[in-house]
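The values are calculated or read from the model by the stated rules, or taken from the named source; none is laboratory data. A quick note: this is a predicted structure, and the numbers were derived from the prediction, not measured. Every residue, glycine among them, receives a Cβ derived from its backbone with ideal geometry; neighbour counts consider all protein chains shown.
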Amino acid sequence: MILKEHCVRNYRNIEEASLSPGDRLTVICGKNGQGKTNLLESIWLLSGAKSFRGGKDGDLVRKGTPFAEILATAEGDTGEDMFRIAIGGAEADKKGRFAKINGVDFGRATNLAGHFYAIVFAPNHLSLVKGSPEERRKFLDAALCQLYPGYLGIYKRYLRALTQKNALLKDARRFPDVEYLLDSFDEELAAAGAEMIAHRKRYTEGLFEEAQRTYQSISSGSESCTFGYSPTAETAEELRTVIRERRPADLRAGFCTAGPHREDIEIRIGGEEARVFASQGQQRSAVLSLKLSEAQQIAATTGQQPVMLLDDVLSELDSARQDFLLSRIEGRQVFITSCEASPFDHVQGAVYRMEAGTLSKIK
């Protein structure tokens, strides 16, 4: 996968910017707060995923303008495709993100999943280790949505049933037939949830095996890191049983307390729980291992190398980890943001400067 051209208009603080990336390396340098990450984020949106920074779609639109636009040309195994994403803000008639490929309307931009593959690695991804289980579930679900477009539909089915069931549980006393209503939601949760679990199990087997090898290489064999996923149940029938057994607890809590939406990824370094005991360097190494493994899984499954988006992460890594990362991303197109251009003076590739939302080419 190669991004050939990329243009944004009225995107966050960028009025207009055009980027002609290098086939292998593109560096976007500039001081903090100038728009480097904004540009990287706009490339990530081509994958169909939400922003890796969180927030609402309306936040992506430059203040005082009705909508933002992303135009891009990318080359994959079937040739070149032209992408267009329109993002409606508060002043637009149509709010949200909408996409076209080669002029064909794809509807919501989430339908771009499977048409552009990318991996993003940003400093806030350290929360994959230290953060809540929700952060690790988001990582897993985002990876699956990109790699298996059908997963998004399953995820939405589950989330819709979960939202409806939680609303019912919150006001359960108002409904005399609450048990009957809960039964119907439990059927949908068990069916969609079992499909989610099957995808998660299959994906994490390869992901974790590769990530564990990668971590060992980063640490030069001095320590080990293990990753684990323990599903709520193995089948729809087992999941239905678990959910029904939790009903008394659900009614007391006012929300659904068991299912894929409560699962977690366990990360251990040297046998100890990383969330509690990992140092900053160990956290970075664990996240780096997961991200490189994620890229490997995409390449193995699709036959295409994902575009790598590295948002100011080299400054977060020591020299040994920097060298390791750069050695492992060879053969892929890479975009790096950096405060300084000087470290890349002798590197083959395109170098741009971003200042107050204005992009200019250095070389």
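Screening P149 on (1) under 27 Å from E294 (Cβ atoms); (2) surrounded by fewer than 19 Cβ atoms within 10 Å (Cβ to Cβ); (3) touching a Cys at 6+ places or on another chain (Cβ under 7 Å) shows it passes everything except condition (3).
Scanning the range 210-237 for residues that are assigned to a helix (DSSP H, G or I) and touching a residue at least 12 places away in the same chain (Cβ under 8 Å) yields E210, A211, Q212, T214, Y215, S217, I218, A236, E237.
When we screen L309, L290 for residues that are surrounded by 22 or more Cβ atoms within 10 Å (Cβ to Cβ), outside any loop (DSSP other than H, G, I, E, B), at negative phi and assigned by TED's automatic domain parsing to the domain that holds G22, the only hit is L309. Selection of first residues in the range 325-351 that are free of Cβ contacts under 8 Å to residues at least 12 places away in the same chain and not assigned by TED's automatic domain parsing to the domain that holds L3 and of second residues that are surrounded by fewer than 16 Cβ atoms within 10 Å (Cβ to Cβ) and in a helix (DSSP H, G or I), restricted to Cβ pairs under 9 Å at least 6 apart or on distinct chains, gives an empty result. Residues that are in contact with a strand residue (DSSP E or B) (Cβ under 7 Å, 6 or more places away or on another chain) and among the hydroxyl-bearing types (S, T, Y) were ranked within the range 205-229; the one that is nearest to R321 (Cα to Cα) is Y215.
Looking only at the range 239-250, filter to residues that are free of Cβ contacts under 8 Å to residues at least 40 places away in the same chain and among the charged types (D, E, K, R); which one of those is surrounded by the most Cβ atoms within 10 Å (Cβ to Cβ)? Steps first, answer last, please.
From the range 239-250, those free of Cβ contacts under 8 Å to residues at least 40 places away in the same chain are 241-242, 245-246, 248-249; that's our starting set.
Retained after the next criterion (residues that are among the charged types (D, E, K, R)): 245-246.
On the way: E245: 11, R246: 18.
Ranking the candidates gives R246 first.
Got at least one residue in the range 50-64 being in a helix (DSSP H, G or I), in contact with a Leu (Cβ under 7 Å, 6 or more places away or on another chain) and buried (at least 23 other Cβ atoms within 10 Å of the Cβ)?
no
The conditions of being in contact (Cβ under 8 Å) with a residue 60 or more places away in the chain and charged (D, E, K, R) are met by R262. Total residues in the range 102-146 satisfying the condition of being within 20 Å of K291 (Cβ to Cβ), out of contact with any His (no Cβ under 8 Å at 6 or more places or on another chain) and of a type outside the set (A, V, I, L, M, F, W, C): the figure is 16. Checking I43, I70, I87 one by one, the residue that is assigned by TED's automatic domain parsing to the domain that holds K361, among the hydrophobic types (A, V, I, L, M, F, W, C), touching a Cys at 6+ places or on another chain (Cβ under 8 Å) and not in a loop (DSSP other than H, G, I, E, B) is I70 and no other. From the set of residues in the range 324-363 that are within 24 Å of the chain's Cα centre (by Cα) and in a helix (DSSP H, G or I), which is surrounded by the fewest Cβ atoms within 10 Å (Cβ to Cβ)? Ranking the candidates gives S327 first.
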